[in-house]
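Structure record follows, encoded as structure tokens.
The values are calculated or read from the model by the stated rules, or taken from the named source; none is laboratory data. Since this is a predicted model, take the numbers as computed values, not measurements. Every residue, glycine among them, receives a Cβ derived from its backbone with ideal geometry; neighbour counts consider all protein chains shown.
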Amino acid sequence: MSSGHPPILPGWDHGPVSAAPVTTPGPSAAPTARSSGDGPLVGVLALQGDVREHARALEAVGARAVPVRRPSELRAVDALVLPGGESTTIDKLARRFELHDLLRERIADGMPAYGSCAGLIMLADRLVDAIPGQQTFGGLDVLVRRNAFGRQVESFEEDLDVDGVEGGPVRAAFIRAPWVEQVGDGVEVLARTRTAAAADRVVAVRSGNLLATSFHPEITGDHRVHALFVRMIDAAAQR
Ligand code: GLN
């Protein structure tokens, strides 16, 4: 534990990792009945990618967010967010930091996990267009195509209806995003695209304690997907 943190999410981009929960509330589009400080301890895999934005979104919906870069930190959390970034890099770093096997184990043991974009790729059991030797943590019985939306629509935004998210469509940002090409038994499809160039693609799924989206809800200021994840964590803790 360290003390004397400045108020804005220290240690998320670089520097030593602190086990101290971050308590700064961020902006929230989804007020929660719970005050921050008594929510579940949610790690954000902090190897690469948009770690800080996920931490803010989690804090905004009442969770306590901590960066995870070491096995001891991974053992300590109730749940984990796998952020967007570059899945090939996250894969290599997870193996180098000795997180890969432990993360597979924790997912298999039922730890709730939410992956966005590259995080969806990392949770998939099967990939199309992976680089040679690329590995995932797995757990989600889906086939995911990397960089699926292709050149025309490499980055775009769309309003999506997401099952389990109340209060109207979610503004979803897609950045060189994957889509889910096949889902296994027990995987629930939560959202599909409507964009004419790539309509009806599966971009949000849930299976047991795992949640994954092709898009980045953490960068649009709408925290309802994170609120859904926190509800899943609470429900898992009560079982
Ligand atoms: N294309 C990236 C990958 O394969 C994912 C992009 C993202 O996370 N925004 O990892």
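Tabulated data
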{"quantity": "Extreme residue, farthest from the ligand (Cβ to nearest atom), among residues of the range 146-183 that are small (Gly, Ala, Ser) and in a strand (DSSP E or B)", "calculated": "Ala172"}
{"quantity": "Some residue of the range 108-125 being of a type in the set (Phe, Trp, Tyr) and out of contact with any helix residue (DSSP H, G or I) (no Cβ under 7 Å at 6 or more places or on another chain)", "calculated": "no"}
{"quantity": "Matching option when the condition is more than 16 Å from the ligand (Cβ to nearest atom), buried (at least 18 other Cβ atoms within 10 Å of the Cβ) and not basic (Lys, Arg), among Ser207, Ser214", "calculated": "Ser207"}
{"quantity": "Check on Leu99, touching a Pro at 6+ places or on another chain (Cβ under 8 Å) and touching a residue at least 40 places away in the same chain (Cβ under 8 Å)", "calculated": "yes"}
{"quantity": "Residues being buried (at least 18 other Cβ atoms within 10 Å of the Cβ) and on the phi > 0 side of the Ramachandran plot - total across the range 102-137", "calculated": "1"}
{"quantity": "Enumeration of residues in the range 102-145 that are in a loop (DSSP other than H, G, I, E, B) and within 16 Å of the ligand (Cβ to nearest atom)", "calculated": "Cys117, Asp129, Ala130, Ile131, Pro132, Gly133, Gln134, Gln135, Thr136, Phe137, Gly138"}
{"quantity": "Residue in the range 178-195 that is touching a residue at least 60 places away in the same chain (Cβ under 8 Å) and under 22 Å from Gly85 (Cβ atoms) present", "calculated": "yes"}
{"quantity": "Pairs with Cβ under 8 Å, 6+ apart, first in the range 218-239 and under 16 Å from Leu190 (Cβ atoms), second of a type in the set (Asp, Glu) and assigned to a helix (DSSP H, G or I)", "calculated": "His226/Glu218"}
{"quantity": "Extreme residue, farthest from the ligand (Cβ to nearest atom), among residues of the range 81-101 that are crowded, with 22+ Cβ neighbours inside 10 Å and β-branched (Val, Ile, Thr)", "calculated": "Val81"}
{"quantity": "From the options Ala57, Ala63, residue that is farther than 26 Å from Gln134 by Cβ, buried (at least 23 other Cβ atoms within 10 Å of the Cβ), modelled with pLDDT of 95 or more and within 16 Å of the ligand (Cβ to nearest atom)", "calculated": "Ala57"}
